[in-house]
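Reviewing the structure listed below.
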Amino acid sequence: MGWLVGIDVGGSTSRARAIHTDGRVVNAVARGLGAHAAGMAQAIDSVLDALVEMHPTLVAEGVRALGAGSSGFGTLARGIPLLQSRLATRLCTAHVSLAADAVAAHFGALGGEPGAMIAAGTGAIALSLDREGHWRRVDGWGHLLGDAGGAAWIGQQALAAALAAYDGRDASGSRLLARATDLLGDPFGWPSQVYGRDDRAGVLASIAIAVSDEADAGDAAATEIVSAAGRALAGSAAAAVVGSVPPRVAWTGGVFASRGVRATFVAELARRRPDVEVVEAAASPLEGSLMIASRSESGNHG
């Protein structure tokens, strides 16, 4: 008896879910507290605080295992064993598994089975698992070096087009200039909002929904950005399906809520790899973190 706890730390928002053996479920969200804004450890602590606030007797009732997926665990994290130990002490459990957010997303998307997954939220990454149990990653290099097709990438492209219109270099971004000004204020303030903040990826990503809306309304500049995002994501997904990886790709993440991104992604992937089956993720990265927690408890970490 007891609770399984899953945590999904994204670039700008963290979520937690606890599921009890008797069927009870507790959810918590910490907005503005993601890996980019607060750092992984602080984001995990904050969303755990929110979870315990929702259900104060959680730890006293017994935590069987914790699974957490966070952007940065794969490339940026330091001191993971110390964080693991601290979380185990806090939750009074011997089973704590920390994984890259893409691994949690893959578990959610494909239930731990071989195949490829493309996740596009604030950032973007493709991850595949072959039949021999080997992982392959494509992109996920962060908003300065990659994450092509993610929300921050879309936002950066949109702000660049908007500033070109502002300068008089290219008027095609005029609608994007108007929308971005509504959201961020005078363009002269944009550099300080982007360059001067630790959560710059989240600031850039905050423009993505407006870009999608403008594309749906027929704006040519927004449509090109959205289409380019779909093509970039398809390229990453195609590159992940190699060797003995089954030709199946699951997509997940908020960027795919854009009809333009989704349609272009499917068409471009079909052009590149007509043998690949494209499916929607079976479950969310948060549910994938719960699967990781369950495997941790059972001793199966594969």
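How big is the chain by the Kirkwood estimate over distinct Cα pairs, in Å? Write out the running numbers ahead of the final one.
On the way: mean 1/r = 0.0505 Å⁻¹.
Every distinct Cα pair counted, the radius reaches 19.8 Å.
Sticking with the crude label model, points 7 Å out along Cα→Cβ, report the distance from A94 to E132 in nm, one decimal please.
About 3.4 nm, to one decimal.
Where does each of 85-91, 127-133, 248-254 land if you order them by average Cβ count within 10 Å, highest first? Write out the running numbers ahead of the final one.
Details: 85-91: 15.9, 127-133: 17.9, 248-254: 23.4.
Ranking, from highest mean packing down: 248-254, 127-133, 85-91.
Quick one: order M117, M291, M54, M40 by neighbouring beta-carbon count within 10 Å, fewest to most. Show your work: numbers first, answer last.
Numbers: M117 29, M291 19, M54 14, M40 25.
Fewest-to-most ranking of M117, M291, M54, M40: M54, M291, M40, M117.
Would you mind computing, in nm to one decimal, how far apart the modelled labels at E61 and L144 are, each placed 7 Å from Cα along Cα→Cβ?
Roughly 4.3 nm, to one decimal.
Taking the dipole about the Cα centre of the chain, with the C-beta of Lys and Arg at +1 and of Asp and Glu at -1, give me whichever of C92, I225, L290 is farthest to the positive side.
Result: C92.
Quick check on the chain: of the DSSP beta bridges with both residues there, what percent are antiparallel, nearest 5%?
Values: 25 of 45 bridges.
That works out to approximately 55 percent antiparallel.
Can you tell me the FRET efficiency between A171 and V242 if r is taken as the Cβ-Cβ distance and R0 is 35 Å, rounded to the nearest 0.05?
Details: r = 43 Å, r/R0 = 1.22.
After rounding, the FRET efficiency stands at 0.25.
Take each of the peptides 141-148, 275-282, 157-164, average the number of other beta-carbon atoms within 10 Å over its residues, and list them starting from the highest. List each step's numbers first, then the result.
Values: 141-148: 18.4, 275-282: 14.9, 157-164: 21.6.
Ranking the peptides 141-148, 275-282, 157-164 by packing returns 157-164, 141-148, 275-282.
Between rounded, prolate and oblate, where does segment 170-302 land on the alpha carbon gyration tensor, with a ≥ b ≥ c its root eigenvalues, rounded for a/c under 1.5, else prolate if a/b exceeds b/c? Show your work: numbers first, answer last.
On the way: a/c = 2.80, a/b = 1.51, b/c = 1.85.
Verdict is oblate for segment 170-302.
Using Cβ counts within 10 Å as a stand-in for footprinting exposure, how do F256, F188 rank, fewest first?
Working: F256 22, F188 8.
The fewest-first ordering by Cβ neighbours comes to F188, F256.
Rounded to the nearest 500, what is the 222 nm mean residue ellipticity of the chain from helices alone, with -39500 (n - 2.57) per DSSP H run of 4+ residues and division by all residues? Working shown, then result.
Values: 13 runs with 143 residues, N = 302.
For the chain, the value works out to -14500 deg cm²/dmol.
What does the C-alpha gyration tensor say about the overall shape of segment 165-212? Classify as rounded when a/c is under 1.5, otherwise prolate if a/b is larger than b/c, or oblate.
The shape class here is oblate.
Please check: in the Gaussian network model of the chain (C-alpha springs, under 10 Å), which one of V96, V211, V25 has the largest mean-square fluctuation.
So, out of V96, V211, V25, the one fluctuating most is V25.
No lab work stands behind these numbers, since they all come straight from the coordinates. The model shown is predicted, which means the values in this text are computed figures rather than measured ones. Backbone-built Cβ (ideal geometry, glycine too); neighbour counts: all protein chains shown.
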